[in-house]
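Trainee: Have a look at this one before I ask anything.
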Amino acid sequence: MEEDTIREILKKVIDPEIGVNIVDLGLVYQVDIRPEEVYIQLTMTSPACPLHGVITRNMGKELRKFFPDLGEMTIELVWDPPWSPEMMSKAAKKQLGWIN
């Protein structure tokens with residue numbers, strides 16, 4: 001299990017309000033694969049976002065599909081640094097029509 005693999009799997013998790021995956025949106029700040037757990041730092045586009053629970057549940061579902069024996073998974077919601085549109089990948093900006 002590698003960080004790149006985890007990030008690819010998390011691309012299947014779509015932010016329901018925006019319609020873009022959470023990795024390309026820049027919401028996944030850190031993925032750390034530890035012996036006892038997978039630790040992920042996640043942010044939302046806004047502190048007022050009501051979809052944190054939906055997104056984290058979907059993250060767990062997707063990761064466990066690929067890694068059924070996955071042990072502990074910790075998803076920490078963080079606000080520093082604050083999310084901004086500059087954190088989006090080129091693919092996300094293209095999907096949203098911000099660039100050609």
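Just so you know, all these numbers are worked out from the coordinates, no wet-lab data involved. What you are looking at is a predicted structure, and each value in this text was computed from that prediction instead of being measured. When we count neighbours, we look across all protein chains shown, and the Cβ atoms used for this are built from the backbone with ideal geometry, even at glycine.
Trainee: Using θ = phi - 60° and the Karplus curve 6.51 cos²θ - 1.76 cosθ + 1.60, what whole-Hz ³J(HN,Hα) does each residue of the range 9-17 get, with Gly and Pro shown as x?
Mentor: Once θ is set to phi - 60°, the couplings for the range 9-17 become 5, 5, 5, 7, 8, 9, 5, x, 7 Hz.
Trainee: Taking Rh as the Kirkwood radius, which is the inverse of the mean 1/r over Cα pairs, what is the Rg/Rh value for the chain?
Mentor: With Rh from the inverse mean 1/r over Cα pairs, Rg/Rh is 0.96.
Trainee: Within the chain, count lysine pairs with alpha carbon atoms under 20 angstrom apart where the residues are 8 or more positions apart or belong to different chains.
Mentor: Step by step, the pairs that qualify in the chain add up to 10.
Trainee: Could you pull out which residues in the range 69-100 have an amide N less than 14 Å from a spot 7 Å beyond the Cα of Glu17, following the Cα-Cβ vector?
Mentor: Hits in the range 69-100 for Glu17 at 14 Å: 83-85.
Trainee: How many nm is it between the label spots at Lys94 and Val54, if each spot is 7 Å from the Cα in line with the beta carbon?
Mentor: 2.7
Trainee: Follow-up question, since we're still on this one. Give, rounded to the nearest 20 debye, the magnitude of the charge dipole that the range 3-89 has about its Cα centre when Lys and Arg contribute +1 at Cβ and Asp and Glu contribute -1 at Cβ.
Mentor: My answer is approximately 360 debye.
Trainee: What net charge is computed for the residues neighbouring Thr43, neighbours being all others with C-beta under 12 Å from the C-beta of Thr43, Lys and Arg scored +1, Asp and Glu -1?
Mentor: Its environment carries a net charge of -3.
Trainee: What are the residues whose amide H is under 5 Å from the amide H of Tyr29, where those residues sit 5 or more places off or on another chain and H is modelled from the backbone?
Mentor: The answer is Gln41, Leu42, Thr43.
Trainee: A follow-up question, please. Which whole-number percent gives the relative contact order of the chain, counting Cα pairs below 8 Å spaced six or more residues apart?
Mentor: 31
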